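Remarks on the structure that follows.
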Amino acid sequence: MTTELFEYLLRLGDNSLVLGHRLSEWCGKSPILEEDIAISNTALDFIGQTQLWLGLAATVEGQGRSADDLAMLRDVWDFRNLLLVEQPNGNFGETIMRQYLFDAWHVLLLDGLTRSHHQEISAIAQKVVKEVRYHIERSRDLVIRLGDGTPVSHEKMQIALDRLWPYVGEMFDVDPVEHTLIEQGLIPDTSTLRAAFDAEVLKTFATATLTLPSSNFAHLGGKSGKRHSEHLGHLLTQMQWLQRAYPGATW
Amino acid sequence: MYAQMVTSDPRDETVEGQAFQARIDAGEKIEPRDWMPEGYRKTLIRQIGQHAHSEIVGQLPEGNWITRAPTLERKAILLAKVQDEAGHGLYLYCAAETLGVSRDEMTEMLLDGRMKYSSIFSYPTLTWADMGAVGWLVDGAAIMNQVPLQRTSYGPYARAMIRVCKEESFHQRQGFDIMMKMAKGTPAQKKMAQDALNRFWYPSLMMFGPSDKDSVHSAQSMAWKIKMNTNDELRQKFVDLTVPQAEYLGLTIPDPDLKWNEERGHYDYSEPDWSEFYDVLKGNGPCSVDRIETRKKAWDDGAWVREALMAHSEKQKTKVAAE
Ligand SMILES: [Fe+2]
Ligand SMILES: [Fe+2]
């Protein structure tokens with residue numbers, strides 16, 4: 001149980017870590033000052049969530065590692081985040097689309113996790129789900145406004161959706177790690193959340209005048225750690241550089 | 001300072017102008033709907049605009065290290081700090097807008113070089129210790145200037161400064177905390193800390209602008225109470241406050257002539273190289289071109305987003321009207 005639980009907590013923590021990092025790359029470069037502040041706010045929420053999930057992962061592991069050790073000293077194959085969140089920011093529309101697809105799943109997942117039999121998981125989820133409800137309100141609203149904005153913005157948002165849709169399936173793929181934890185009542189079965197997710201995104205994309213891609217092909221390999229994209233390694237070379245270059249220093 | 005070498009328009013000698021000056025002398029606040037001399041308005045736009053641009057361009061040297069912050073906590077603190085600076089920019093643009101200039105117009109003026117930002121943000125941040133040095137010295141210097149500006153004559157500017165100052169002192173403490181960790185850390189960290197101080201000391205002194213004797217516009221701005229102290233006063237205050245902090249950190253200020261002057265009750269210090277300062281203001285700072293390029297790219301890349309949001313809100317209005 002501990003191995004699976006540790007794995008799963010890494011998935012939660014690494015999603016927040018990698019997505020928060022991606023969002024932080026926007027700081028100072030957003031199209032509008034208010035969006036710059038909002039995107040940094042979201043990034044800050046994710047960094048906070050990372051501390052909680054990786055902190056709990058470290059405790060569960062019991063090897064004396066800290067959340068920072070897990071964030072800064074693991075290599076690509078030990079990361080357990082979804083492929084979706086490691087995708088590069090692209091243009092502002094791609095960033096918002098990636099965020100919306102993630103938020104639409106994340107809010108359902110966290111809602112399920114609030115009912116976990118694991119006390120700490122449930123407690124963290126209860127805290128985090130409030131932030132995430134706000135995230136989806138913002139990303140949904142922006143997807144609609146940019147999708148149904150100008151012809152140019154519409155095209156960019158459709159391209160973003162087509163580009164990112166193949167990364168949606170991984171969020172609902174239940175593997176042996178998750179099976180074990182579902183049976184113990186520790187986590188929700190994400191495959192049962194798909195209908196609610198589809199309803200959410202269909203409604204939004206209809207309002208945004210965007211067309212859902214017809215193929216449901218899904219890339220896998222992020223959360224299992226089997227095969228990440230090439231992008232993750234580059235992200236880690238930046239994020240981990242100081243800790244790697246000056247081992248043992250306190251900052 | 002964040003607003004350096006702001007050209008001041010001449011005073012208004014008409015009857016209204018004199019009545020206006022009397023209000024300022026009496027310590028009254030000027031509000032957007034009040035009559036004000038054109039020179040006061042134009043000078044304030046230049047000053048507040050430059051201040052706002054400095055907050056925004058100032059995001060970049062620190063933003064440069066967000067993705068390389070050494071721990072999750074440091075990353076959160078730095079990101080929150082840079083986000084605060086964006087917020088300061090926002091308050092200040094709003095204050096300037098009350099004077100009849102839009103944020104977009106001011107942005108265009110920054111990007112095409114008609115408006116300036118503080119010289120300090122044209123310097124590069126090269127190591128993590130620079131995040132400490134910037135918070136400690138740059139935010140520290142900014143506070144020197146901004147605290148008195150809370151009493152400036154223009155109401156919206158004064159109120160923006162009150163909000164800004166609360167956050168700046170927090171930034172300064174966080175910067176000092178990073179410096180402390182570095183200065184007491186490994187030999188490599190200590191070397192980084194000293195190097196950061198070496199590079200940022202004189203540029204920080206330049207933030208206050210040239211010496212009073214060369215500062216041609218100070219007198220009018222001080223009469224209008226949009227400048228509260230002379231450049232040299234503030235610079236001296238900054239040096240006096242910072243020297244003991246450097247000593248506490250065990251770092252050496254890169255000025256062999258720095259010494260306590262018992263008679264004056266102040267530290268004597270060396271002037272920065274003012275020719276370098278003028279070069280930076282002309283756009284020849286080490287990062288001047290990069291900074292404006294980055295801002296311009298953000299502005300240009302974001303054009304479709306701004307247009308889309310406007311188009312969407314127009315569509316919504318039409319829909320509501322049709323219903
Ligand atoms: Fe600021
Ligand atoms: Fe600041």
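Is it the case, given these coordinates, that B:Gly89 is touching a His at 6+ places or on another chain (Cβ under 8 Å), away from chain A (no Cβ under 13 Å) and within 13 Å of ligand 2 (Cβ to nearest atom)? When the stated conditions are applied, B:Gly89 does not pass them. Within segment A:158-177, identify whether any single residue is within 14 Å of another protein chain (Cβ to nearest Cβ) and not small (Gly, Ala, Ser), and answer yes or no. Yes, that holds for at least one residue. Within the option set B:Lys297, B:Lys319, being over 30 Å from B:Val6 (Cα atoms), part of a helix (DSSP H, G or I) and of a type in the set (Lys, Arg) holds for one residue only, B:Lys319.
Yes/no per residue for (1) of a type in the set (A, V, I, L, M); (2) within 23 Å of A:His154 (Cβ to Cβ); (3) more than 12 Å from chain A (Cβ to nearest Cβ):
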position	(1), (2), (3)
B:Asn284	no, no, yes
B:Cys287	no, no, yes
B:Val305	yes, yes, no
B:His312	no, yes, no
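Taking the criterion of being in a helix (DSSP H, G or I), among the basic types (Lys, Arg) and at pLDDT below 95, the only residue of segment B:174-228 that qualifies is B:Lys213.
The set of residues in segment B:53-85 being more than 7 Å from chain A (Cβ to nearest Cβ) and in contact with a His (Cβ under 8 Å, 6 or more places away or on another chain) consists of B:Glu55, B:Lys81, B:Asp84. Taken over segment B:1-57, the criterion of being aliphatic (A, V, I, L, M) and either surrounded by fewer than 17 Cβ atoms within 10 Å (Cβ to Cβ) or within 16 Å of ligand 2 (Cβ to nearest atom) (or both) is satisfied by B:Met1, B:Ala3, B:Val15, B:Ala19, B:Ala22, B:Ala26, B:Ala52, B:Ile56, B:Val57. For segment B:142-175, residues that are hydrophobic (A, V, I, L, M, F, W, C), near ligand 1 (Cβ under 10 Å from one of its atoms) and surrounded by fewer than 20 Cβ atoms within 10 Å (Cβ to Cβ) total 2.
Just the residues that are polar (S, T, N, Q), surrounded by fewer than 16 Cβ atoms within 10 Å (Cβ to Cβ) and in contact (Cβ under 8 Å) with a residue 12 or more places away in the chain, please, taken from segment B:269-323. Lay out the reasoning, then the answer.
Initial filter on segment B:269-323 (polar (S, T, N, Q)): B:270, B:275, B:284, B:288, B:294, B:313, B:316, B:318.
So of that shortlist, the ones also surrounded by fewer than 16 Cβ atoms within 10 Å (Cβ to Cβ) come out as B:270, B:275, B:284, B:313, B:316, B:318.
Passing the criteria: only B:Ser270.
Evaluation of A:Glu34 against the conditions (1) within 11 Å of chain B (Cβ to nearest Cβ); (2) surrounded by fewer than 23 Cβ atoms within 10 Å (Cβ to Cβ); (3) over 24 Å from B:Lys297 (Cβ atoms) shows that the sole unmet condition is (3).
Among the residues here, B:Ile45 does not qualify as within 14 Å of chain A (Cβ to nearest Cβ) and either away from ligand 1 (no atom under 16 Å from the Cβ) or of a type outside the set (D, E, K, R) (or both). Scan segment B:226-258 for residues that are without any contact (Cβ under 8 Å) to a residue 24 or more places away in the chain and of a type in the set (Phe, Trp, Tyr) and the total you get is 1. Of all the residues in segment B:164-186, those that are over 23 Å from B:Thr127 (Cβ atoms) and in contact with a Gly (Cβ under 8 Å, 6 or more places away or on another chain) number 1.
What tally of residues in segment B:112-130 results from selecting those that are crowded, with 18+ Cβ neighbours inside 10 Å and either acidic (Asp, Glu) or within 17 Å of the chain's Cα centre (by Cα) (or both)? I'd like the intermediate steps shown before the answer.
Applying the first criterion (crowded, with 18+ Cβ neighbours inside 10 Å) to segment B:112-130 yields B:115-123, B:125, B:127-130.
Adding the requirement that they be either acidic (Asp, Glu) or within 17 Å of the chain's Cα centre (by Cα) (or both) leaves B:115-123, B:125, B:130.
Counting residues in segment B:112-130 that are crowded, with 18+ Cβ neighbours inside 10 Å and either acidic (Asp, Glu) or within 17 Å of the chain's Cα centre (by Cα) (or both) gives 11.
When B:Glu85 is tested against the conditions (1) of a type in the set (D, E, K, R); (2) farther than 20 Å from A:Lys29 by Cβ; (3) surrounded by 24 or more Cβ atoms within 10 Å (Cβ to Cβ), the lone failure is (2).
Can you name every residue in segment B:131-141 that is within 19 Å of B:Val243 (Cβ to Cβ), away from ligand 1 (no atom under 13 Å from the Cβ) and either under 13 Å from the mean Cα position of the chain (by Cα) or within 14 Å of chain A (Cβ to nearest Cβ) (or both)?
Filtering segment B:131-141 down to residues within 19 Å of B:Val243 (Cβ to Cβ) leaves B:132-141.
With away from ligand 1 (no atom under 13 Å from the Cβ) added as a condition, the list becomes B:132-133, B:136-137.
Matches in segment B:131-141: B:Gly132, B:Leu137.
Just the residues that are more than 14 Å from every other protein chain (Cβ to nearest Cβ) and of a type in the set (Lys, Arg), please, taken from segment A:122-146. Answer for segment A:122-146, where residues must be more than 14 Å from every other protein chain (Cβ to nearest Cβ) and of a type in the set (Lys, Arg): A:Lys127, A:Lys130, A:Arg133. Which residues, counting only those in segment B:67-86, are over 17 Å from B:Asp177 (Cα atoms) and either away from ligand 2 (no atom under 13 Å from the Cβ) or touching a residue at least 40 places away in the same chain (Cβ under 8 Å) (or both)? Scanning segment B:67-86 gives B:Thr67, B:Arg68, B:Asp84.
Any residue at all in segment A:209-221 that is farther than 24 Å from A:Leu113 by Cβ, within 14 Å of another protein chain (Cβ to nearest Cβ) and exposed (fewer than 15 other Cβ atoms within 10 Å of the Cβ)? Yes, segment A:209-221 contains a residue that is farther than 24 Å from A:Leu113 by Cβ, within 14 Å of another protein chain (Cβ to nearest Cβ) and exposed (fewer than 15 other Cβ atoms within 10 Å of the Cβ). Looking only at residues in segment B:1-33 that are touching a residue at least 60 places away in the same chain (Cβ under 8 Å) and among the polar types (S, T, N, Q), the one that is farthest from ligand 1 (Cβ to nearest atom) is B:Gln21.
Kindly indicate whether any position in segment B:113-120 is within 14 Å of another protein chain (Cβ to nearest Cβ), more than 12 Å from ligand 2 (Cβ to nearest atom), under 26 Å from B:Lys296 (Cα atoms) and out of contact with any helix residue (DSSP H, G or I) (no Cβ under 7 Å at 6 or more places or on another chain).
Our first condition is that a residue be within 14 Å of another protein chain (Cβ to nearest Cβ); within segment B:113-120, this holds for B:117.
Still in the list and also more than 12 Å from ligand 2 (Cβ to nearest atom): B:117.
If we keep only those that are under 26 Å from B:Lys296 (Cα atoms) too, we end up with B:117.
Narrowing the set further to residues that are out of contact with any helix residue (DSSP H, G or I) (no Cβ under 7 Å at 6 or more places or on another chain) leaves none.
No: segment B:113-120 contains no residue that is within 14 Å of another protein chain (Cβ to nearest Cβ), more than 12 Å from ligand 2 (Cβ to nearest atom), under 26 Å from B:Lys296 (Cα atoms) and out of contact with any helix residue (DSSP H, G or I) (no Cβ under 7 Å at 6 or more places or on another chain).
From the list B:Lys237, B:Lys181, B:Lys227, B:Lys259, pick out the single residue that is within 14 Å of another protein chain (Cβ to nearest Cβ) and either away from ligand 1 (no atom under 16 Å from the Cβ) or not basic (Lys, Arg) (or both). Lay out the reasoning, then the answer.
Numbers: B:Lys237 fails: within 14 Å of another protein chain (Cβ to nearest Cβ); B:Lys227 fails: within 14 Å of another protein chain (Cβ to nearest Cβ); B:Lys259 fails: within 14 Å of another protein chain (Cβ to nearest Cβ).
Within the list B:Lys237, B:Lys181, B:Lys227, B:Lys259, the selection yields B:Lys181.
Suppose we filter B:Met182, B:Met161, B:Met192 for residues that are among the aliphatic types (A, V, I, L, M) and either farther than 30 Å from B:Leu72 by Cα or in contact with a strand residue (DSSP E or B) (Cβ under 7 Å, 6 or more places away or on another chain) (or both); which single one remains? If you could, list the steps in order and put the result at the bottom.
Values: B:Met182 fails: either farther than 30 Å from B:Leu72 by Cα or in contact with a strand residue (DSSP E or B) (Cβ under 7 Å, 6 or more places away or on another chain) (or both); B:Met192 fails: either farther than 30 Å from B:Leu72 by Cα or in contact with a strand residue (DSSP E or B) (Cβ under 7 Å, 6 or more places away or on another chain) (or both).
The match here is B:Met161.
The values are calculated or read from the model by the stated rules, or taken from the named source; none is laboratory data. Quick caveat, the model's predicted, so the values are computed rather than measured. Backbone-built Cβ (ideal geometry, glycine too); neighbour counts: all protein chains shown.
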